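Just so you know, all these numbers are worked out from the coordinates, no wet-lab data involved. Owing to the predicted nature of the structure, the values given are computational and were not obtained by experimental measurement. Positions of Cβ are backbone-derived with ideal geometry, glycine not excepted, and every protein chain shown enters the neighbour counts.
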Amino acid sequence: MAGRDLLDEDASAQLSALASRRVSAVELLKAALARHEQTHARLNAVVAADLEPALRRAAAIDDQRAKGMTLGPLAGLPMTVKDTIDVHGMAASSGLEAYRRRKVVDAVSVAHIREAGAVIWGKTNVPVLAGDFQTYNRLYGVTNNPWDLSRTPGGSSGGAAAALAAGVTALELGSDIGGSLRFPASFCGVFSHKPTWGMVSQIGHVPPMPGVMSEPDLNVLGPMARSARDLRLLLSVIEDGPMAPRAPPADLKATRIGLWLDEPAFPLDPEVRAVVERFAGELAAAGAQVEPISRPVDAQALIEAYATLLGALRGADLPPALRRALERRRGLAKLARKAGAGPLSWAGLTLNNTARHRDWLAADAVRARLRHEITEVFNRFDVILAPISVVTAFPHDHGRFARRRLRLSTGQDVPYLAQLSWIALATACKLPATTVPAGLSASGLPVGVQLIGPPGGDARTLDVAQAIDESVRGFEAPPP
């Protein structure tokens, strides 16, 4: 099989072809580079490359394979990495020129990937400091969605998702603090996995500031792919400690799924809802026990706590001048909140980005209560099936952040930060969430759903995702 044909297969199939010598690592890498050249002008997904070391590494792996040497589980597979993660020779820019020219070593997760034999050749585009639901910056420009170039692929792992959907790469390493693995996967029709917090090292991820050796709250690093089995493969490589269990796929006939679609506090476009409902019907037809649930936790308490936890963390990375400006607006923001402005309004954003320690402690206490309450739900269900995004992939909008709105298919506008609604539960409560493609909307755009599991239940959500992938529906390539 030619390398260019293999690019449309998942990583597991490409690795099988490499192991059986139907293709060499050098051939597969050159095919990936050619696909990148063919698509770059339209997508702008991979924005930095280090080709000579990659070609040398691919040739070395071919030589080792020819000699019968024992190789790692990713031996010879060409890969790209999100540009918020340090790679030797390609420092994480996070969309900023000032960060791009640093001398760095591999992030911990990247070191694991390299040890497993992958050939890392490029970096995928991100919004500045991974802080948007779209992917663009002044350094590298705008990344487009392969399903519709006028729309965003999502953020902040938008370049990663676009590259996966277009067959430029078969595996990606992304990150998620505000849906950054899940939105792009949903918008581009690919798979992703947000691990339980603490499962994968964050060292070498920017933000926080370069050189920080702590593990920030909420944020995780995780795999993105075109199949559920590939998610498990990459997670087993990057996970710190014991490998993720590699059990056979779950039996959908024995799977109890709680369908969370009715939440008055969270907006949802009818187009998205229709896809999720149809998908839930497909799962039920395949034998899964699908039961609607409402209010698995107090949604208002959840979003208030999450907004504070996230804002406090993001505020610490703001430029000093911007933080001082926000401090000066705290008084007006307090008045606006008292007048009814919500936690996802400009007033809420201002207060949360300048949160005091006591504010964080109060939010953390609410989170602890919600984590306790969600245990009862997982006593009744294996996973919670929920939407990810309020809308499908939306048109590029690079106007002032505070003035952006999301337009529903009904013509109604909702706040831009309403995007944080459906992803809040897994992030705030540090739960695993696997994104699977659910189908296309009436307007022909991908819609993904998240399978949320209990703390440490990564194997459970991945098992269910793999069963869905192999027996219900999986990745669908965008039109040429």
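Ordered by residue, what ³J(HN,Hα) values in Hz, to whole numbers, does the range 331-340 give under the Karplus form 6.51 cos²θ - 1.76 cosθ + 1.60, where θ = phi - 60° and Gly and Pro are x?
x, 5, 5, 4, 5, 5, 5, 5, 7, x
First obtain the Kirkwood hydrodynamic radius of the range 1-105 from its Cα pairs, then insert it into the Stokes-Einstein equation at 10 °C and 1.306 mPa s, and state the resulting D in µm² per second as a whole number. If you can, show how the numbers build up before the last one.
Details: Rh = 14.9 Å.
Taking Rh from Cα pairs, D becomes 106 µm²/s.
So if we plug the beta-carbon distance of LEU71 and ALA365 into 1/(1 + (r/R0)^6) with R0 = 56 Å, what FRET efficiency do we get, rounded to 0.05?
Details: r = 49 Å, r/R0 = 0.87.
Efficiency for this residue pair is about 0.70.
Taking the beta-carbon count within 10 Å as an exposure proxy, list ARG232, ARG369 from fewest neighbours to most. Display every interim value, and only then the final one.
Working: ARG232 27, ARG369 13.
By the 10 Å Cβ count, ascending: ARG369, ARG232.
Can you list the residues, at least 5 places off or on another chain, whose amide H is less than 5 Å from the amide H of GLN202, using H built in the peptide plane?
For GLN202, no residues qualify.
Using alpha-carbon positions, what is the distance between the centroids of the range 331-408 and the range 247-316, in Å?
After rounding, the separation between the Cα centres reads 16 Å.
Using per-residue counts of other Cβ atoms within 10 Å, averaged over each peptide, order 378-385, 295-302 from highest down. Each step should come with its number before you reach the end.
Values: 378-385: 19.8, 295-302: 18.1.
For the peptides 378-385, 295-302, the packing ranking is 378-385, 295-302.
What ³J(HN,Hα) values, in whole Hz, does the Karplus curve 6.51 cos²θ - 1.76 cosθ + 1.60 give for the range 354-366 when θ = phi - 60°, with x put for Gly and Pro?
Here the 3J(HN,Hα) series is 10, 4, 8, 4, 5, 5, 5, 4, 5, 5, 5, 5, 5 Hz.
From a point 7 Å beyond the Cα of GLU476 in the direction of its Cβ, which residues of the range 131-149 have a backbone N at a distance under 15 Å?
Only 147-148 fall inside the zone, counting backbone N under 15 Å.
Averaging over all projection directions, find the projected area of the Cα convex hull of the chain and quote it in nm² with one decimal place.
Working: hull surface 83.7 nm².
The number I arrive at for the chain is 20.9 nm².
Would you mind calculating the relative contact order of the chain from Cα pairs under 8 angstrom and at least 6 residues apart, reporting the percent as a whole number? Walk me through the numbers on the way to the answer.
Details: 1078 pairs, mean separation 76.7, N = 480.
Averaging sequence separation for qualifying contacts and normalising by length gives 16 percent for the chain.
Considering only lysines 8 or more places apart in sequence, or on different chains, count the pairs in the chain whose C-alpha atoms sit under 22 Å apart.
The result is 9.
What is the helix-to-structure angle for 270-285, meaning the angle in degrees between its Cα long axis and the longest Cα principal axis of the chain, kept from 0 to 90 and rounded to the nearest 10?
Value to nearest ten degrees: 60.
Order by neighbour count: VAL436, VAL119, fewest other Cβ atoms within 10 Å first, most last.
Numbers: VAL436 29, VAL119 26.
Fewest to most other Cβ atoms nearby, the residues stand as VAL119, VAL436.
Amide H of VAL81 versus every other amide H placed in the peptide plane: which residues, excluding those fewer than 5 positions away on the same chain, fall under 5 Å?
Excluding prolines and chain starts, which carry no amide H, the hits are GLY122, LYS123, THR124.
How large is ³J(HN,Hα) for each residue in the range 107-117, as worked out from phi by the Karplus curve 6.51 cos²θ - 1.76 cosθ + 1.60 (θ = phi - 60°), to whole Hz, x for Gly and Pro?
4, 4, 5, 5, 4, 4, 5, 5, 4, 7, x
Per-residue counts of other Cβ atoms within 10 Å, averaged by peptide: what ranking do you get for 99-106, 121-128, 343-350, highest first? Kindly include the intermediate steps, with their values, before the conclusion.
Numbers: 99-106: 14.6, 121-128: 27.4, 343-350: 21.1.
Sorting 99-106, 121-128, 343-350 by mean packing, highest first, produces 121-128, 343-350, 99-106.
Using only Cα atoms and rounding to the nearest 10 degrees, what angle (0 to 90) does helix 299-315 make with the longest principal axis of the chain?
Compared with the principal axis, the helix lies near 70 degrees.
Could you order peptides 192-202, 403-413, 133-143 by the average number of other Cβ atoms within 10 Å of their residues, highest first?
Working: 192-202: 24.3, 403-413: 13.3, 133-143: 22.3.
Peptide ranking by packing, descending: 192-202, 133-143, 403-413.
Can you list residues from other chains, or at least 5 along the same chain, whose modelled amide H is less than 5 Å from the amide H of GLY456?
Hits under the 5 Å cutoff: THR196.
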